[in-house]
Amino acid sequence: MPDLRIDLDTATEAELRAEIVRLNKVVNALADRAERSMRGEDTESSIFQTRLLLERHIQERTAELEASFRENQKVYRSLQESESRFRGLVNQSLVGIGVIEGDYCIYSNLKLASMFGYTVEEILHCQLAQMVPPEDLPRVSEQLQRRFRHEADESSFHFVGRRKDGTLLDVESHAQVMEMDGKPVLITMMIDITERMQEQREIAALQERLQEQAIRDPLTGLYNRLSLNEFFDRELHVALRAHRPVSLILADLDHFKQINDTWGHLAGDKVLVEFSQLLQGACRASDLCCRYGGEEFMVLLPDMALEQARLRTEFIRTILERAAVPFGETEIRTTGSFGVAMFPDHGQTREQLIAAADRALYRAKNNGRNQVQVAVAEDTETVEPGRK
């Protein structure tokens with residue numbers, strides 16, 4: 001009789017069922033043999049032996065099959081329990097877990113689906129374009145393709161996602177390629193970092209405001225004296241390399257103390273603010289307007305020659321003279337005195353140039369105020385030979 005046994009310890013349910021079919025064939029063969037014996041084709045001894053063989057074979061294989069079925073059921077139940085525990089763990093995860101093949105998500109846990117506002121069934125029918133805004137889609141597609149090509153250096157990347165209702169969220173994605181059923185798929189873990197990114201943006205905005213407050217005058221919004229030093233030195237360095245002029249205006253409001261004494265400091269502040277706005281309106285975007293201290297102001301004019309700077313200053317003086325600052329039921333009028341100097345003719349350094357403009361300013365005040373004076377040779381300090 002041929003050996004029809006199989007390894008029952010490793011047999012699958014399908015193999016066990018096939019073994020039953022084979023056993024039935026053996027039983028039928030033995031039954032045929034018994035029938036032939038009963039027709040006299042075999043001896044009584046042969047018939048008896050056949051019956052014993054049939055009964056013993058059936059008993060042995062039946063016992064083996066029953067044991068295998070029981071073991072198979074235990075393994076099956078164990079696999080079911082393991083799968084249940086795995087699914088429970090994945091679905092209770094605080095991290096979105098998904099499997100991406102091509103442009104589709106072919107697996108999603110509950111967290112990933114809810115993160116984007118879908119049910120698990122809905123998200124499995126969504127293309128990538130539905131979950132990413134158009135402006136960010138090319139970058140996200142490139143990031144995924146780089147991972148499929150094993151070209152990504154970084155382990156994670158950040159992108160902006162789009163929920164089902166159209167609202168946006170910040171997502172941090174950790175992804176790795178593996179094969180599933182012979183196809184490359186992307187196993188990805190996604191974390192909703194919207195709150196974290198919002199906090200970072202708020203911190204960055206606060207830092208920017210603090211930085212602005214550090215370099216600007218709180219009353220007028222113009223740059224303050226400390227920030228002027230950095231900008232001033234940089235512009236002089238650029239002008240020196242490019243052989244270009246830099247002009248400087250130093251302005252002082254005339255009789256400003258009388259404004260404070262007559263109408264109070266609120267009126268004085270109003271005048272300072274109005275003059276600051278007037279100054280900015282009369283300057284180019286490349287010019288640097290600064291509140292130098294008290295009622296003194298400074299304007300740095302890159303790439304502007306002395307005569308052009310004088311004309312610009314005269315324009316500012318005229319506007320100020322004609323301006324009326326409303327305060328309560330009255331209007332406050334004032335004038336200003338101005339000194340103008342130019343690099344490199346009147347100074348090689350910030351200190352030299354400011355000193356020359358300051359001397360021209362005081363000459364304007366001593367000559368009756370409300371006028372513009374340009375620095376002359378007597379206003380300059382030591383200048384590098386050949387540069388004057």
Practice prompt. Could you grab me the full set of residues in the stretch 204-261 that are over 30 Å from Gly368 (Cβ atoms) and small (Gly, Ala, Ser)?
Written response: Ala204, Ala205, Ala214, Gly221, Ser227, Ala239, Ala242
Worksheet item: In the set Val185, Val120, Val177, which member is of a type outside the set (Phe, Trp, Tyr), in contact with an Asp or Glu (Cβ under 7 Å, 6 or more places away or on another chain) and more than 30 Å from Ala251 (Cβ to Cβ)?
Response: Val185
Worksheet entry | Check on Tyr362, assigned to a helix (DSSP H, G or I), of a type outside the set (Val, Ile, Thr) and either surrounded by 22 or more Cβ atoms within 10 Å (Cβ to Cβ) or out of contact with any Phe, Trp or Tyr (no Cβ under 7 Å at 6 or more places or on another chain) (or both) | yes
Practice prompt. Evaluate the stretch 154-172: report whether one residue or more is in contact with a Gly (Cβ under 6 Å, 6 or more places away or on another chain) and either in the same structural domain as Ala251 (by TED's automatic domain parsing) or polar (S, T, N, Q) (or both).
Written response: no
Fill in: Index of the failed condition, Leu226 passing every other in (1) free of Cβ contacts under 8 Å to residues at least 60 places away in the same chain; (2) outside the structural domain of Gly347 (by TED's automatic domain parsing); (3) of a type outside the set (Phe, Trp, Tyr)
(2)
Worksheet item: Only one residue in Ala323, Ala364 is aliphatic (A, V, I, L, M) and touching a Gly at 6+ places or on another chain (Cβ under 8 Å). Which one?
Response: Ala364
Practice prompt. Can you confirm whether the stretch 351-358 contains a residue that is at pLDDT 85 or above and either exposed (fewer than 14 other Cβ atoms within 10 Å of the Cβ) or more than 24 Å from His237 (Cα to Cα) (or both)?
Written response: yes
Item to complete: Answer with yes or no whether Thr313 is over 47 Å from the mean Cα position of the chain (by Cα), β-branched (Val, Ile, Thr) and either assigned to a loop (DSSP other than H, G, I, E, B) or in the same structural domain as Leu250 (by TED's automatic domain parsing) (or both).
Response: no
Discussion item. Against the condition modelled with pLDDT of 95 or more and part of a helix (DSSP H, G or I), how does Ser247 come out, does it pass?
Written reply: no
Item to complete: Could you please give the count of residues in the stretch 145-176 that are out of contact with any Phe, Trp or Tyr (no Cβ under 9 Å at 6 or more places or on another chain), touching a residue at least 24 places away in the same chain (Cβ under 8 Å) and hydrophobic (A, V, I, L, M, F, W, C)?
Response: 4
Practice prompt. For the stretch 216-227, state whether one or more residues are at positive phi, over 14 Å from the mean Cα position of the chain (by Cα), loosely packed, with under 12 Cβ neighbours inside 10 Å and not hydroxyl-bearing (Ser, Thr, Tyr).
Written response: no
Worksheet item: Within the stretch 185-215, restricting attention to residues that are of a type in the set (Asp, Glu) and more than 14 Å from the chain's Cα centre (by Cα), which residue is modelled with the highest pLDDT?
Response: Glu208
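One line per residue, one yes/no per condition, for (1) part of a helix (DSSP H, G or I); (2) free of Cβ contacts under 8 Å to residues at least 60 places away in the same chain:
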| residue | (1), (2) |
| --- | --- |
| Ala204 | yes, yes |
| Val238 | yes, no |
| Asp252 | no, no |
| Gly268 | yes, yes |
Discussion item. Every residue in the stretch 139-160 that is in contact with a strand residue (DSSP E or B) (Cβ under 9 Å, 6 or more places away or on another chain) and hydroxyl-bearing (Ser, Thr, Tyr), please.
Written reply: Ser155, Ser156
Discussion item. So for the stretch 215-223 (the condition being under 27 Å from Leu278 (Cβ atoms) and in a helix (DSSP H, G or I)), does at least one residue qualify?
Written reply: yes
Discussion item. Being among the hydrophobic types (A, V, I, L, M, F, W, C) and crowded, with 20+ Cβ neighbours inside 10 Å narrows it down to one residue among Leu272, Leu306, Leu278; which is it?
Written reply: Leu272
Worksheet entry | Subset tally (residues that are among the aliphatic types (A, V, I, L, M), more than 23 Å from the chain's Cα centre (by Cα) and in a helix (DSSP H, G or I)) for the stretch 100-129 | 3
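The values are calculated or read from the model by the stated rules, or taken from the named source; none is laboratory data. No experiment lies behind these values; they were computed from the predicted model shown. Virtual Cβ from ideal backbone geometry, glycine too; neighbours counted across all protein chains shown.
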